[in-house]
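J.: This is the structure I want to talk about, given as structure tokens.
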Amino acid sequence: MEKEVVSTAAAPAAIGPYSQAIKLANLVFTSGQIPLDPATGTMIAGGIEEQARRVMENIKAVLEAGGSSFAKVVKTTCFLKDMNDFAKFNTVYQEYFGSDGAPARSCVAVAELPKGALCEVEAIAYID
């Protein structure tokens with residue numbers, strides 16, 4: 001079984017020695033996405049809601065490039081700079097995953113995220 005690198009210009013290029021995602025068999029493992037504009041590679045303006053939407057759009061692009069989608073995500077890990085943003089982050093997250101059948105999830109607060117981001121999300125999804 002060979003792993004396959006997933007790459008798309010519709011999501012920010014990797015800012016370190018990693019791939020946007022790896023496909024293995026019928027699974028896609030995304031790297032953590034932060035709120036970078038894929039066109040410019042710069043952090044988007046705004047607070048947690050704007051940043052969370054950009055993160056989710058970046059995840060969406062990587063999943064699609066890997067042949068999957070939000071509907072097929074089985075697990076996410078979410079990182080917040082400030083746990084006081086949890087409710088606002090959840091509101092945006094629910095726009096993408098809904099509440100019925102949402103994936104398993106871990107959400108933790110961290111001391112710092114790359115480039116000063118307020119949030120980061122990674123996902124594991126399957127491919128039909």
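J.: Identify all residues within the range 103-124 that are β-branched (Val, Ile, Thr) and either crowded, with 18+ Cβ neighbours inside 10 Å or within 23 Å of residue 65 (Cβ to Cβ) (or both); write none if there are none.
T.: Pass one, the range 103-124, residues β-branched (Val, Ile, Thr): 108, 110, 121, 124.
If the condition is that a residue be β-branched (Val, Ile, Thr) and either crowded, with 18+ Cβ neighbours inside 10 Å or within 23 Å of residue 65 (Cβ to Cβ) (or both), then 121, 124 are the ones that fit.
J.: Something else: Sort out which residues of the range 65-117 are touching a helix residue (DSSP H, G or I) at 6+ places or on another chain (Cβ under 8 Å) and aliphatic (A, V, I, L, M), and write them in order of number.
T.: 73, 80, 92, 102, 109, 117
J.: Another one. Pairs under 6 Å by beta carbon, first residue in contact (Cβ under 8 Å) with a residue 24 or more places away in the chain in the range 74-87, partner among the polar types (S, T, N, Q) and loosely packed, with under 12 Cβ neighbours inside 10 Å, six or more apart or different chains?
T.: If the second residue must be among the polar types (S, T, N, Q) and loosely packed, with under 12 Cβ neighbours inside 10 Å, the pairs left are 77/106.
J.: For the range 32-82, how many residues are in a loop (DSSP other than H, G, I, E, B) and in contact with an Asp or Glu (Cβ under 6 Å, 6 or more places away or on another chain)?
T.: Going through the range 32-82, the residues in a loop (DSSP other than H, G, I, E, B) turn out to be 32, 34-35, 37-42, 44-47, 66-69, 81-82.
Subset that is in contact with an Asp or Glu (Cβ under 6 Å, 6 or more places away or on another chain): 32, 34, 44.
Qualifying residue count, the range 32-82: 3.
J.: Look at residue 100 and say whether it is more than 15 Å from the chain's Cα centre (by Cα), more than 14 Å from residue 11 (Cα to Cα) and buried (at least 17 other Cβ atoms within 10 Å of the Cβ).
T.: Details: more than 15 Å from the chain's Cα centre (by Cα): yes; more than 14 Å from residue 11 (Cα to Cα): yes; buried (at least 17 other Cβ atoms within 10 Å of the Cβ): no.
So residue 100 does not fit the description; no.
J.: Take the residues in the range 51-97 that are among the small types (Gly, Ala, Ser) and touching a Phe, Trp or Tyr at 6+ places or on another chain (Cβ under 8 Å), then tell me which one is surrounded by the fewest Cβ atoms within 10 Å (Cβ to Cβ). First the steps, then the outcome.
T.: Here is the first cut: in the range 51-97, the ones among the small types (Gly, Ala, Ser) are 52, 61, 65-69, 71, 87.
Cutting the leftovers down to touching a Phe, Trp or Tyr at 6+ places or on another chain (Cβ under 8 Å) gives us 52, 68.
Numbers: 52: 27, 68: 25.
Across the range 51-97, the extreme among qualifying residues is 68.
J.: Right, here's the next one. Output the residues belonging to the range 8-31 that are surrounded by fewer than 16 Cβ atoms within 10 Å (Cβ to Cβ) and assigned to a loop (DSSP other than H, G, I, E, B).
T.: 9, 10, 13, 14, 15, 16, 17, 18, 25, 26, listed by residue number.
Taken together, the values in this text are just the output of simple stated rules run on the coordinates, not laboratory data. What you are looking at is a predicted structure, and each value in this text was computed from that prediction instead of being measured. Neighbour counts run over all protein chains shown; Cβ positions are idealised from the backbone, glycine included.
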